[in-house]
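Contents: one structure, followed by commentary.
The values are calculated or read from the model by the stated rules, or taken from the named source; none is laboratory data. This structure is a prediction, so every number in the text was calculated from the model and none was measured. A quick note on method: Cβ atoms are made from the backbone with ideal geometry, for glycine too, and the neighbour counts reach across all protein chains shown.
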Amino acid sequence: MSRGASPERPPRSADPGTGGREAAELAEAAELAGELERVLLVSSRILRSHAASEEVSAPQFSVLAYLERAGESTPGALAEFEHVSPPVMTRILGRLEAAGLVARAAHPGDGRQVRVTLTDQGTQLVLAGRERRHAWLRERLDGATSEQRASLREASAMLRELLIPPRR
(Lines give C-alpha, C1' and ligand atoms only; values in the text may rest on other atoms or scores of the structure.)
Protein backbone atom coordinates (compact mmCIF):
# COMPACT_ATOMS: atom_id res chain seq x y z
CA MET A 1 0.00 0.00 0.00
CA SER A 2 1.42 3.39 -0.94
CA ARG A 3 1.76 6.25 1.48
CA GLY A 4 -1.52 8.14 1.98
CA ALA A 5 -3.62 5.46 0.32
CA SER A 6 -6.50 3.98 2.21
CA PRO A 7 -6.51 0.29 2.93
CA GLU A 8 -8.16 -1.77 0.24
CA ARG A 9 -11.63 -3.01 1.00
CA PRO A 10 -12.91 -6.23 -0.45
CA PRO A 11 -15.62 -5.81 -3.05
CA ARG A 12 -19.14 -6.01 -1.61
CA SER A 13 -19.81 -9.26 -3.38
CA ALA A 14 -16.82 -10.76 -1.61
CA ASP A 15 -18.52 -10.25 1.77
CA PRO A 16 -19.66 -13.77 2.61
CA GLY A 17 -22.69 -12.51 4.55
CA THR A 18 -24.31 -10.48 1.78
CA GLY A 19 -22.43 -11.19 -1.45
CA GLY A 20 -24.32 -14.32 -2.36
CA ARG A 21 -27.67 -12.71 -1.63
CA GLU A 22 -26.82 -9.60 -3.66
CA ALA A 23 -25.64 -11.71 -6.59
CA ALA A 24 -28.83 -13.78 -6.43
CA GLU A 25 -30.98 -10.63 -6.30
CA LEU A 26 -29.13 -9.17 -9.29
CA ALA A 27 -29.56 -12.41 -11.23
CA GLU A 28 -33.27 -12.50 -10.34
CA ALA A 29 -33.70 -8.86 -11.40
CA ALA A 30 -31.95 -9.57 -14.71
CA GLU A 31 -34.15 -12.61 -15.35
CA LEU A 32 -37.31 -10.66 -14.48
CA ALA A 33 -36.23 -7.77 -16.71
CA GLY A 34 -35.82 -10.16 -19.64
CA GLU A 35 -39.21 -11.77 -19.04
CA LEU A 36 -40.98 -8.40 -18.65
CA GLU A 37 -39.33 -7.10 -21.80
CA ARG A 38 -40.56 -10.11 -23.80
CA VAL A 39 -44.11 -9.89 -22.41
CA LEU A 40 -44.33 -6.12 -22.91
CA LEU A 41 -42.97 -6.25 -26.46
CA VAL A 42 -45.23 -9.09 -27.56
CA SER A 43 -48.32 -7.63 -25.90
CA SER A 44 -47.56 -4.23 -27.42
CA ARG A 45 -47.32 -5.78 -30.89
CA ILE A 46 -50.56 -7.69 -30.38
CA LEU A 47 -52.41 -4.59 -29.17
CA ARG A 48 -51.08 -2.51 -32.06
CA SER A 49 -52.18 -5.15 -34.53
CA HIS A 50 -55.71 -5.09 -33.10
CA ALA A 51 -55.88 -1.29 -33.12
CA ALA A 52 -54.43 -0.71 -36.58
CA SER A 53 -56.50 -1.23 -39.68
CA GLU A 54 -55.89 -1.95 -43.32
CA GLU A 55 -55.97 1.81 -43.89
CA VAL A 56 -52.99 2.72 -41.69
CA SER A 57 -49.83 1.15 -40.33
CA ALA A 58 -49.17 0.78 -36.59
CA PRO A 59 -46.87 3.88 -36.49
CA GLN A 60 -49.47 5.90 -38.39
CA PHE A 61 -52.18 4.75 -35.97
CA SER A 62 -49.96 5.78 -33.06
CA VAL A 63 -49.71 9.31 -34.47
CA LEU A 64 -53.48 9.45 -34.95
CA ALA A 65 -54.10 8.21 -31.40
CA TYR A 66 -51.70 10.83 -30.02
CA LEU A 67 -53.52 13.58 -31.90
CA GLU A 68 -56.88 12.27 -30.68
CA ARG A 69 -55.67 12.63 -27.08
CA ALA A 70 -53.73 15.89 -27.52
CA GLY A 71 -56.08 17.71 -29.88
CA GLU A 72 -53.27 19.12 -32.00
CA SER A 73 -49.50 19.01 -32.22
CA THR A 74 -46.55 20.02 -34.34
CA PRO A 75 -44.56 17.70 -36.61
CA GLY A 76 -41.51 18.16 -34.36
CA ALA A 77 -43.39 17.20 -31.20
CA LEU A 78 -44.88 14.19 -32.96
CA ALA A 79 -41.44 13.08 -34.17
CA GLU A 80 -40.08 13.38 -30.65
CA PHE A 81 -43.01 11.45 -29.17
CA GLU A 82 -42.69 8.66 -31.76
CA HIS A 83 -38.86 8.60 -31.51
CA VAL A 84 -38.41 9.14 -35.24
CA SER A 85 -36.56 11.78 -37.22
CA PRO A 86 -38.42 14.85 -38.50
CA PRO A 87 -38.15 13.68 -42.15
CA VAL A 88 -39.73 10.33 -41.22
CA MET A 89 -42.56 12.13 -39.43
CA THR A 90 -43.04 14.39 -42.46
CA ARG A 91 -43.54 11.27 -44.63
CA ILE A 92 -45.98 9.75 -42.10
CA LEU A 93 -47.97 12.98 -41.95
CA GLY A 94 -47.97 13.26 -45.75
CA ARG A 95 -49.54 9.81 -46.06
CA LEU A 96 -52.09 10.54 -43.33
CA GLU A 97 -52.98 13.87 -44.93
CA ALA A 98 -53.35 12.27 -48.37
CA ALA A 99 -55.73 9.72 -46.80
CA GLY A 100 -57.80 12.53 -45.31
CA LEU A 101 -57.01 11.54 -41.71
CA VAL A 102 -55.08 14.65 -40.61
CA ALA A 103 -54.96 18.29 -41.62
CA ARG A 104 -51.93 20.55 -41.49
CA ALA A 105 -52.23 24.32 -41.16
CA ALA A 106 -50.00 27.26 -40.30
CA HIS A 107 -49.91 28.06 -36.60
CA PRO A 108 -52.06 31.18 -36.03
CA GLY A 109 -49.45 32.86 -33.82
CA ASP A 110 -46.34 31.82 -35.76
CA GLY A 111 -46.69 31.25 -39.50
CA ARG A 112 -43.39 29.35 -39.57
CA GLN A 113 -44.86 26.61 -37.39
CA VAL A 114 -47.25 23.95 -38.64
CA ARG A 115 -49.97 22.48 -36.48
CA VAL A 116 -51.45 19.07 -37.15
CA THR A 117 -55.00 18.07 -36.23
CA LEU A 118 -57.21 15.05 -36.80
CA THR A 119 -60.02 15.18 -39.30
CA ASP A 120 -63.40 13.67 -38.47
CA GLN A 121 -62.40 10.63 -40.52
CA GLY A 122 -59.16 10.32 -38.51
CA THR A 123 -61.06 10.54 -35.23
CA GLN A 124 -63.47 7.80 -36.31
CA LEU A 125 -60.58 5.55 -37.33
CA VAL A 126 -58.89 6.01 -33.93
CA LEU A 127 -62.08 5.35 -31.99
CA ALA A 128 -62.82 2.21 -34.02
CA GLY A 129 -59.24 0.95 -33.55
CA ARG A 130 -59.36 1.63 -29.84
CA GLU A 131 -62.64 -0.28 -29.58
CA ARG A 132 -61.11 -3.30 -31.41
CA ARG A 133 -58.17 -3.27 -29.01
CA HIS A 134 -60.42 -2.96 -25.94
CA ALA A 135 -62.67 -5.77 -27.22
CA TRP A 136 -59.66 -8.05 -27.60
CA LEU A 137 -58.48 -7.25 -24.06
CA ARG A 138 -61.98 -7.67 -22.60
CA GLU A 139 -62.24 -11.07 -24.26
CA ARG A 140 -58.97 -12.17 -22.65
CA LEU A 141 -59.93 -10.80 -19.23
CA ASP A 142 -63.36 -12.46 -19.35
CA GLY A 143 -61.58 -15.79 -19.03
CA ALA A 144 -59.58 -14.71 -15.96
CA THR A 145 -60.63 -15.50 -12.40
CA SER A 146 -61.39 -12.67 -9.99
CA GLU A 147 -58.07 -13.43 -8.24
CA GLN A 148 -56.19 -13.18 -11.54
CA ARG A 149 -57.88 -9.88 -12.36
CA ALA A 150 -56.98 -8.53 -8.90
CA SER A 151 -53.35 -9.62 -9.43
CA LEU A 152 -53.33 -7.97 -12.85
CA ARG A 153 -54.70 -4.76 -11.34
CA GLU A 154 -51.89 -4.77 -8.75
CA ALA A 155 -49.25 -5.62 -11.36
CA SER A 156 -50.53 -2.87 -13.63
CA ALA A 157 -50.22 -0.32 -10.82
CA MET A 158 -46.68 -1.51 -10.03
CA LEU A 159 -45.61 -1.41 -13.67
CA ARG A 160 -47.02 2.08 -14.08
CA GLU A 161 -45.15 3.24 -10.96
CA LEU A 162 -41.85 1.57 -11.89
CA LEU A 163 -41.73 2.05 -15.65
CA ILE A 164 -43.73 5.11 -16.66
CA PRO A 165 -42.18 8.46 -15.73
CA PRO A 166 -44.59 11.02 -14.29
CA ARG A 167 -45.84 13.61 -16.77
CA ARG A 168 -44.21 17.00 -16.52
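Looking only at region 43-59, decide whether some residue is surrounded by 12 or more Cβ atoms within 10 Å (Cβ to Cβ), at pLDDT 90 or above, out of contact with any strand residue (DSSP E or B) (no Cβ under 8 Å at 6 or more places or on another chain) and not hydrophobic (A, V, I, L, M, F, W, C). The answer is no; no qualifying residue exists. Set side by side, the residues Arg130, Arg149 differ, and just one is under 26 Å from Glu37 (Cα atoms), in contact with a Leu (Cβ under 7 Å, 6 or more places away or on another chain) and surrounded by 10 or more Cβ atoms within 10 Å (Cβ to Cβ), which is Arg149. The conditions of being free of Cβ contacts under 8 Å to residues at least 24 places away in the same chain and either in contact with a His (Cβ under 7 Å, 6 or more places away or on another chain) or surrounded by fewer than 13 Cβ atoms within 10 Å (Cβ to Cβ) (or both) are met by Arg138. Here Ala29 meets each of (1) over 27 Å from Leu162 (Cβ atoms); (2) loosely packed, with under 15 Cβ neighbours inside 10 Å with one exception, condition (1).
Return the residues of region 135-168 that are among the small types (Gly, Ala, Ser) and in a helix (DSSP H, G or I); say none if nothing qualifies. Listed by number, the residues that qualify are Ala135, Ser146, Ala150, Ser151, Ala155, Ser156, Ala157.
Here is the figure for region 97-134: residues that are free of Cβ contacts under 8 Å to residues at least 12 places away in the same chain and assigned to a helix (DSSP H, G or I) total 6.
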